[in-house]
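The values are calculated or read from the model by the stated rules, or taken from the named source; none is laboratory data. Not measured: the values here are computed from a predicted model. Cβ placement follows ideal geometry from the backbone for every residue including glycine, while neighbour counts extend to all protein chains displayed.
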Amino acid sequence: MKLVLGLGITGFSIAQFLAQQGADFKVADSRQKPTLLPEFSANFPLIEVSTGVWQLSLLDEVDEIFISPGIAQNEQIVAWAREKDIEITSDIELFSRYAQAPVVGITGTNGKSTVTQLLGTMARASGKKVAIGGNIGKPALDCLHDDIELYVLELSSYQLDYTKKLKLFTGVVLNITPDHLDRYASFEHYKASKLSLYQYCQNSVINIDDSLIPKKASAVHFGLEIPKSSQNFGTVTCHESCYFLKGDDVLLGVDDIQLIGEHNISNILAALALGEQIGLDMQAMTECIKTFKGLAHRLEWIAHKQGVEFYNDSKATNVRSSVTALKALISKHKNIVLIAGGAIKDEDYAPLFELIDKEVLGVVLIGQSAAEFDQGICNTQTIHAKNMLEATTLAQAMIDDGAVVLSPGCASFDMFDNFEHRGDAFKQAVLSL
């Protein structure tokens, strides 16, 4: 008997796959009324579903657990399973047992969705039948199909935590900075989770600019400096213009791309390095890079109104992301008003506060963290708002020329369902001004 833990999007995907395979399984969720329960019951009326507080009896006659990544390792049901020596498996590992085409794995604290989508787009432009999924878009198991020639998967640390066997043709850890420390005993545990991706890679791509990522001679490296070998990727600045390089070969100019910010230069280099390893056509890749506009909620341009540019960076749920977004905009705009706040994380916010005090015209604060942010910001004007419409209206009133950016630096769950809900609320507010 198999047990599927969690009836969210991933758990539903696992259950659907097991049903297709004719497996004997049951489902459990610690919530009394999981959102997807009505749909699941309609599709699988004969499958046993348990809801509410975990019970030890759930593990009776269970020989393997397929677990949703949202279930933390310190939850009681996980501890019980380990005491009973029951195998705990991620949907990613289950996917890997059946995938017949090469798989690319992409993880990192920031940028993984952008790189995953860009690489998938470049693969399609090169003529490959590619499936993009994992922690972005479709669950991995929903991507399985006989005619797929390449899988490009975004992998979260939570998914990697429950994965012991995985076959990756190539993969990358884009960067590592403190995040999700409520789920890990320490930053070292979080870092180890991210770096575990490399043990599954036949080939590896490594960011030489991140000191926390071990270097490997046989890997393809990328970084913002001039490449040290012909197989590596980097950049060079010449006559006040910056160019992407493979070895000594110029691929395209930074002025030719639509994404903004140094972090996106690094993301593009990572995608190029991965694409090269899987044999994508270089011209097709560079043409895709020129037209790629990025993903929603990631420093997404929304509108120009009365001399002000509005950007939605709701995906910035940690300090590093917000600092990165602000630095990108500082290079383009003299005046910036920031909308920030939400459910604060166990991070050092000092770097964000210092940058705000030095470079930001004003800040509109929202959510549970507003008081803490107010205490940390010393030299820049702050205003509190009760909702996103009020925050956006106040932000516009603070600036005549420049940019307003929603880059919260916090999780969204104090006011919104998720970062997408928060970003959509901001976009609606901007368009209503």
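Taking region 377-391 as the range and being within 29 Å of residue 178 (Cβ to Cβ) and not in a loop (DSSP other than H, G, I, E, B) as the test, the residues that pass are 381, 382, 383, 384, 388, 391. If you go through region 73-91 one residue at a time, do you hit one that is in contact with a Gly (Cβ under 8 Å, 6 or more places away or on another chain) and within 21 Å of residue 191 (Cβ to Cβ)? No, every residue in region 73-91 fails to be in contact with a Gly (Cβ under 8 Å, 6 or more places away or on another chain) and within 21 Å of residue 191 (Cβ to Cβ). Restricting attention to region 222-256, the residues being crowded, with 20+ Cβ neighbours inside 10 Å, without any contact (Cβ under 8 Å) to a residue 40 or more places away in the chain and in a loop (DSSP other than H, G, I, E, B) number 1.
Filtering region 404-424 to residues that are within 17 Å of the chain's Cα centre (by Cα) and part of a loop (DSSP other than H, G, I, E, B) leaves 407, 408, 409, 410, 412, 413, 417, 418. Does region 161-175 contain any residue that is surrounded by fewer than 22 Cβ atoms within 10 Å (Cβ to Cβ) and either modelled with pLDDT under 95 or among the small types (Gly, Ala, Ser) (or both)? No, region 161-175 contains no residue that is surrounded by fewer than 22 Cβ atoms within 10 Å (Cβ to Cβ) and either modelled with pLDDT under 95 or among the small types (Gly, Ala, Ser) (or both). With the structure loaded, tell me whether residue 96 is touching an Asp or Glu at 6+ places or on another chain (Cβ under 6 Å) and surrounded by fewer than 24 Cβ atoms within 10 Å (Cβ to Cβ) or whether it fails that test. No; evaluated as a whole, the condition is false for this residue.
The set of residues in region 363-385 that are touching a residue at least 12 places away in the same chain (Cβ under 8 Å) and more than 28 Å from the chain's Cα centre (by Cα) comprises 378, 379, 380, 381, 382, 383, 384.
In region 134-173, how many are basic (Lys, Arg) and part of a strand (DSSP E or B)? It would help to see each step written out before you state the result.
Start the filter on region 134-173 by keeping residues that are basic (Lys, Arg), which leaves 138, 164-165, 167.
If we keep only those that are part of a strand (DSSP E or B) too, we end up with 138.
Looking only at that region, the number is 1.
Tallying residues that are touching a residue at least 24 places away in the same chain (Cβ under 8 Å), closer than 25 Å to residue 139 by Cβ and in contact with a helix residue (DSSP H, G or I) (Cβ under 7 Å, 6 or more places away or on another chain) within region 78-92 yields 5. Scanning region 394-403 for residues that are surrounded by 16 or more Cβ atoms within 10 Å (Cβ to Cβ) and assigned to a helix (DSSP H, G or I) returns 394, 395, 396. Inspection of region 269-280 finds a residue satisfying the criterion of being of a type in the set (Asp, Glu), under 23 Å from the mean Cα position of the chain (by Cα), in the same structural domain as residue 210 (by TED's automatic domain parsing) and more than 21 Å from residue 136 (Cβ to Cβ). Going by what's in this entry, would residue 198 be described as surrounded by 13 or more Cβ atoms within 10 Å (Cβ to Cβ), closer than 29 Å to residue 161 by Cα, at pLDDT 95 or above and in contact with a Ser or Thr (Cβ under 8 Å, 6 or more places away or on another chain)? Here the answer is yes, as residue 198 does meet what is asked.
Examine region 225-238 for a residue that is under 29 Å from residue 409 (Cα atoms) and aromatic (Phe, Trp, Tyr), and state whether such a residue exists. Scanning region 225-238, I find no residue that is under 29 Å from residue 409 (Cα atoms) and aromatic (Phe, Trp, Tyr), so the answer is no.
Give 427, 386 a once-over and let me know the one that is surrounded by fewer than 15 Cβ atoms within 10 Å (Cβ to Cβ) and not assigned by TED's automatic domain parsing to the domain that holds residue 180.
Step by step, each of 427, 386 is checked, and only 386 is surrounded by fewer than 15 Cβ atoms within 10 Å (Cβ to Cβ) and not assigned by TED's automatic domain parsing to the domain that holds residue 180.
Can you find a residue that is within 21 Å of residue 159 (Cα to Cα) and charged (D, E, K, R) anywhere in region 59-68? Checking region 59-68: at least one residue is within 21 Å of residue 159 (Cα to Cα) and charged (D, E, K, R).
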